[in-house]
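This report concerns only the one structure given below.
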Amino acid sequence: MEKFILTIDGPSGVGKTSIGKHLADILKCNFFSSGNVYRSLAMFINKNIDEDYGKYDIEILDGICYVNRETYSSEDLYSNEVTITSSKIAKEEKIRNYVKESLLKYYQSLDKSLVIEGRDMGSVVFQNAKYKIYLDADLITRGKRREDQSKMNETVSDLKKRDLEDSNRLISPLKVPDGALVINNTDLTLQETINLIIEKLRLQ
Ligand code: DC
């Protein structure tokens, strides 16, 4: 089968990562979270706060993101500080362009298909993706799911604030991509959401 991309866009707590990993397993292809690049950049910037790096060298190798050859543990990347900085730097055009370029390069380097999740994957970075999904759920449900994730310490009100920032930014705000399958999974389990995607997109 020819190499293809499946994008999953949507706000935090809709299950983009868990659902994306399951779909990648079923489709026997690669999975990547674009938030990982924003988080790695945020970590690098927080660590080198006094340095003015006009340019960042971002490379994704075997699904691991390197910023100027540094890589970080998921404990570091999912700290509250990095979560807040990543949302802040994601508003900058220069940063978004670096991330976009690194993701396009990553896809080119792969010999298998890719399932990729993030807020602007189908709407901006991979507009010509073969399959596009937009997931949504109500705020309380998303907040509860985030609170249940051991590595995230985000509360419902933190999530609401970050959602507002991500949705109202001028560049690449969160939106439903053209041609996307839209699913509100407030009342669906993970497995039910996956089954619905497989059925609607005829993936099997
Ligand atoms: O998906 P995440 O929680 O790991 O993302 C962290 C932050 O990175 C998020 O608040 C906004 C930014 N981000 C983005 O702007 N665009 C993406 N495609 C992925 C993440």
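Just so you know, all these numbers are worked out from the coordinates, no wet-lab data involved. Treat the numbers as computed from the prediction; the structure is a model and nothing was measured. Virtual Cβ from ideal backbone geometry, glycine too; neighbours counted across all protein chains shown.
Structure values in brief
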| read-out | value |
| --- | --- |
| Of residues in segment 135-153 being surrounded by fewer than 21 Cβ atoms within 10 Å (Cβ to Cβ) and within 12 Å of the ligand (Cβ to nearest atom), the one farthest from E92 (Cα to Cα) | Q149 |
| Any hit, segment 124-134, residues being within 9 Å of the ligand (Cβ to nearest atom), under 18 Å from S34 (Cβ atoms) and among the β-branched types (V, I, T) | yes |
| Residue match in segment 168-186 (condition: more than 16 Å from the chain's Cα centre (by Cα), of a type in the set (G, A, S) and surrounded by fewer than 19 Cβ atoms within 10 Å (Cβ to Cβ)) | yes |
| Strands (runs of 3 or more DSSP E) wholly inside segment 1-87 containing at least 2 residues that are surrounded by 17 or more Cβ atoms within 10 Å (Cβ to Cβ) and within 13 Å of the ligand (Cβ to nearest atom) | 5-9, 30-33 |
